[in-house]
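Student: Once you've had a glance at the structure underneath, I'll fire off some questions.
The values are calculated or read from the model by the stated rules, or taken from the named source; none is laboratory data. Keep in mind the model is a prediction, meaning the values are calculated, not measured. Using ideal geometry, Cβ is built from the backbone for each residue, glycine included, and neighbour counts are taken over all protein chains shown.
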């Protein structure tokens, strides 16, 4: 781990000095204006100071972030008041498969206690962890304006936008993170995910290809590329990528370990391979019991293909407990309708119409049930 400071007459010149010294993979951590001090300050020019870091080999190797954590920890042992080392270790803990966000928060808080310029970043990250994404964005706006921990600030704000479905803004932030550190695969994976959500599938594939080139061991890059192929209905390429993603993460580490299983299940479902779809949906739920969409897809599978209405109702009910969506109420209501339990069916359809008063399928289903109840 190498961290250095560079001064020049402008921000661009200082960054160029950093890149020349540390290489093209150097990360710009902070940018600040340095005003001259002392009796001769009127004869001196204001300069720009850039703090940059490079993790030798960290971005390309398997277990890279675990190694980075060890290196930062050694730096902290040598200099316990080294704020940038705590900041860097926090960043590594966020990006690693283990995603220990609680320990990352502790590192950010310690960096902020040593140097108050990191206080807002630590606060923004706390809002992000608490899923208060609107407040997180407000704080990261300030962090970016002050040019603190820039790449991770853009990335964190981009992820915050993504979590409130503002994907175009997220894409802009991840693009800026890529500009700051074009050698880091995680930025491309983040943008690829957003491109998929905005139906820019070729762009998602291109970003995933670049992420794979930079870090062939990152299972998420294959997952997001597979998602793009799935949405393009290129099922064989999608299955190949999901299989590779799962093999690259045999211990199912990370909060998104469930995602390639779910997407592969959906791919099998689309190909009428229901037994494999069932197995993958079930594995996705084991890894993420709060993922309502997997329960919904299982409900559809049991309702339409396996013809097991009690199991369909069971899964729709779990999905509703997590996220009460109108469409899930409609599907459960249709199950009750098929079973002849019109009172429960009507209750579900009424709930769907409470959530979506103009939903045509709900209105049509309500009319049909009304006739059957006569």
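Student: Sort through 258, 242 and tell me the only one that's more than 22 Å from residue 174 (Cβ to Cβ), within 16 Å of the chain's Cα centre (by Cα) and without any contact (Cβ under 8 Å) to a residue 40 or more places away in the chain. Spell out how you get there, then give the answer.
Tutor: Values: 242 fails: within 16 Å of the chain's Cα centre (by Cα).
Unique residue meeting the criteria: 258.
Student: Okay, moving on. Restricting attention to the stretch 128-156, which residues are without any contact (Cβ under 8 Å) to a residue 24 or more places away in the chain, assigned to a helix (DSSP H, G or I) and farther than 23 Å from residue 181 by Cβ?
Tutor: Once the filter is applied, which keeps residues that are without any contact (Cβ under 8 Å) to a residue 24 or more places away in the chain, assigned to a helix (DSSP H, G or I) and farther than 23 Å from residue 181 by Cβ, the stretch 128-156 yields 135, 138.
Student: Next up: More than 18 Å from residue 152 (Cα to Cα), in contact with a helix residue (DSSP H, G or I) (Cβ under 8 Å, 6 or more places away or on another chain), surrounded by fewer than 17 Cβ atoms within 10 Å (Cβ to Cβ) and at pLDDT 95 or above - does that describe any residue in the stretch 248-271?
Tutor: Within the stretch 248-271 (the criterion being more than 18 Å from residue 152 (Cα to Cα), in contact with a helix residue (DSSP H, G or I) (Cβ under 8 Å, 6 or more places away or on another chain), surrounded by fewer than 17 Cβ atoms within 10 Å (Cβ to Cβ) and at pLDDT 95 or above), the answer is yes, since at least one residue qualifies.
Student: Specify the residue that is modelled with the lowest pLDDT; the eligible residues are those in the stretch 1-16 that are closer than 26 Å to residue 79 by Cα and surrounded by fewer than 18 Cβ atoms within 10 Å (Cβ to Cβ).
Tutor: 2
Student: With the requirement that a residue be in a helix (DSSP H, G or I) and within 21 Å of residue 268 (Cβ to Cβ), what does the stretch 209-232 give you?
Tutor: Selection gives 219, 220, 222, 223, 224, 225, 226, 227, 228, 229, 230, 231.
Rundown of residues vs (1) surrounded by 14 or more Cβ atoms within 10 Å (Cβ to Cβ); (2) in contact (Cβ under 8 Å) with a residue 60 or more places away in the chain; (3) touching a helix residue (DSSP H, G or I) at 6+ places or on another chain (Cβ under 7 Å), yes/no style:
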| site | (1), (2), (3) |
| --- | --- |
| 337 | yes, no, yes |
| 341 | yes, no, no |
| 346 | yes, no, yes |
| 352 | yes, no, yes |
| 358 | no, no, no |
| 362 | yes, no, yes |
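Condition check ((1) in contact with a helix residue (DSSP H, G or I) (Cβ under 6 Å, 6 or more places away or on another chain); (2) surrounded by 21 or more Cβ atoms within 10 Å (Cβ to Cβ)) across all residues:
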position: 90; (1), (2): yes, yes
position: 113; (1), (2): no, no
position: 123; (1), (2): yes, no
position: 127; (1), (2): yes, no
position: 132; (1), (2): no, no
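Student: Among the listed residues 332, 244, identify the single one that is closer than 27 Å to residue 95 by Cβ and touching a helix residue (DSSP H, G or I) at 6+ places or on another chain (Cβ under 9 Å).
Tutor: The unique qualifying residue is 244.
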